[in-house]
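The next block holds one structure in the form of structure tokens; read it before the comments.
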Amino acid sequence: MLDKINVLREELEKIAASSKEEVEELRLKYISKKGSINKLFADFKNVSPEQKKEVGNAINTLKNFALEKINALKDSFETTSNGDFGLDLTMPGEPMKLGTRHPLSLVKNEIIGIFARLGFTVAEGPEIEDDWHVFSALNFPPEHPARDMQDTFFIEKDPDVLLRTHTSSVQIRVMEHTQPPIRSIFPGRVFRNEAISARSHCIFHQIEGLYVDENVSFADLKQTLLQFAKELFGEGTKIRLRPSYFPFTEPSAEMDVSCSICGGKGCNVCKYTGWLEILGCGMVDPNVLEGCNIDSEKYTGFAFGMGIERITMLRYGIKDIRHFFENDVRFLKQFESAI
Ligand code: PHE
């Protein structure tokens, strides 16, 4: 028995390995459950009682020696390859992927910035509205087609609950609890029951503007919008106001800007007219002011409203409005480089 132990000891003194796999083979051969040292423990019961102490000690010493040797070999592979723990702490970290801002948010923030410099504050209102704020207070007659189910999403159980079709509802909410001077813009999401196509969607975004004070005139409206158009589309931009109709403004107009793509010469984006329609506007109808308890003899105001999708599409040459809502990262990451 002691001879066997000595033979193994000699073998173990010489062991060497050139790979982790070879270390594993050695471990299996000597110190695993079925390894040679464990076999010695099995034979131990046949040792005579007088020899038990000596042989027992020898086996234990051998086992410890084997463990030390094999662990040392194992460590040598783990430490020589890649530094401690197999990690190279000097390697650069994995870069964190940062998101980019949505193109609609970029344009919205730019528009807010332009009006902020002109002294407009920002306010918001609810997307789920009632008839009063979306229609009645804005002078829509009861039989107006916009009130039709075909244009507006109503809640079936209660026809007084609906999704706002424009951000003009926020004008009313602000005027109901603020006396002039009021100079604010209202960005927000709106809903219309429209068939989804490349040019229209049932969900989109608007920015509404409202300025009410003493002596506010149509000239103020025109100058404010000209300044806005120049800042958004470039210094050389021209504007054109065409007469239009909205129940809540009188007079009303639609504003075109000179086509920023062809510079007004005519191209397929402006349909060879040189002009692009971007917003509706007008002087706040005195009925609307009175409905909100604002003295229409003392105060006048202007309002305007624009679609953020349309402006963003013009700005970046986007051909299909549905891209904004599909959240395809290949589309989204084109607009702002990660910060
Ligand atoms: N609310 C109108 C629309 O959605 C736009 C508008 C706002 C027109 C304010 C005039 C004044 O089309």
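Residues that are at pLDDT 95 or above, open to solvent by 20 Å² or more (accessible area, probe 1.4 Å) and within 16 Å of the ligand (Cβ to nearest atom): does the range 254-272 have at least one? Yes: one or more hits. K97 fulfils the conditions (1) surrounded by 15 or more Cβ atoms within 10 Å (Cβ to Cβ); (2) of a type in the set (K, R); (3) in contact (Cβ under 8 Å) with a residue 24 or more places away in the chain except for a single criterion, (1).
Given S200, S136, S169, which one is touching a helix residue (DSSP H, G or I) at 6+ places or on another chain (Cβ under 6 Å) and open to solvent by less than 50 Å² (accessible area, probe 1.4 Å)?
On inspection, the qualifying residue turns out to be S169.
Number of residues in the range 193-216 that are farther than 26 Å from N109 by Cα and within 13 Å of the ligand (Cβ to nearest atom): the value is 1. Of all residues in the range 276-291, those satisfying the criterion of being more than 15 Å from the ligand (Cβ to nearest atom) and modelled with pLDDT of 95 or more are E290, G291. Within the range 191-209, not a single residue is modelled with pLDDT of 95 or more and either assigned to a helix (DSSP H, G or I) or not assigned by TED's automatic domain parsing to the domain that holds E235 (or both).
Scanning the range 217-240 for residues that are surrounded by fewer than 16 Cβ atoms within 10 Å (Cβ to Cβ), away from the ligand (no atom under 16 Å from the Cβ) and touching a residue at least 60 places away in the same chain (Cβ under 8 Å) returns a single hit, Q227. Number of residues in the range 265-318 that are of a type outside the set (A, V, I, L, M), assigned to a strand (DSSP E or B) and either over 25 Å from F191 (Cβ atoms) or not assigned by TED's automatic domain parsing to the domain that holds I112 (or both) equals 4.
Listed here are the residues, each with its yes/no results for (1) outside the structural domain of F204 (by TED's automatic domain parsing); (2) assigned to a loop (DSSP other than H, G, I, E, B); (3) farther than 19 Å from P247 by Cα.
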site: T152; (1), (2), (3): no, yes, no
site: V161; (1), (2), (3): no, no, yes
site: H166; (1), (2), (3): no, yes, no
site: Q171; (1), (2), (3): no, no, no
site: M175; (1), (2), (3): no, no, no
site: Q179; (1), (2), (3): no, yes, yes
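To keep it simple, each residue is scored yes or no on (1) at pLDDT 95 or above; (2) within 16 Å of the ligand (Cβ to nearest atom); (3) closer than 20 Å to S217 by Cα.
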{"site": "D295", "(1), (2), (3)": "yes, no, yes"}
{"site": "A303", "(1), (2), (3)": "yes, yes, yes"}
{"site": "I308", "(1), (2), (3)": "yes, yes, no"}
{"site": "K319", "(1), (2), (3)": "no, no, no"}
{"site": "H323", "(1), (2), (3)": "yes, no, no"}
{"site": "N327", "(1), (2), (3)": "no, no, no"}
{"site": "F335", "(1), (2), (3)": "no, no, no"}
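The values are calculated or read from the model by the stated rules, or taken from the named source; none is laboratory data. Source: prediction; values computed, not measured. No Cβ is skipped: glycine too gets one built from the backbone with ideal geometry, and neighbour counts run over all protein chains shown. Accessible surface areas use protein heavy atoms only, side chains included; no ligands, DNA or RNA. Shrake-Rupley method; radii C 1.70, N 1.55, O 1.52, S 1.80 Å.
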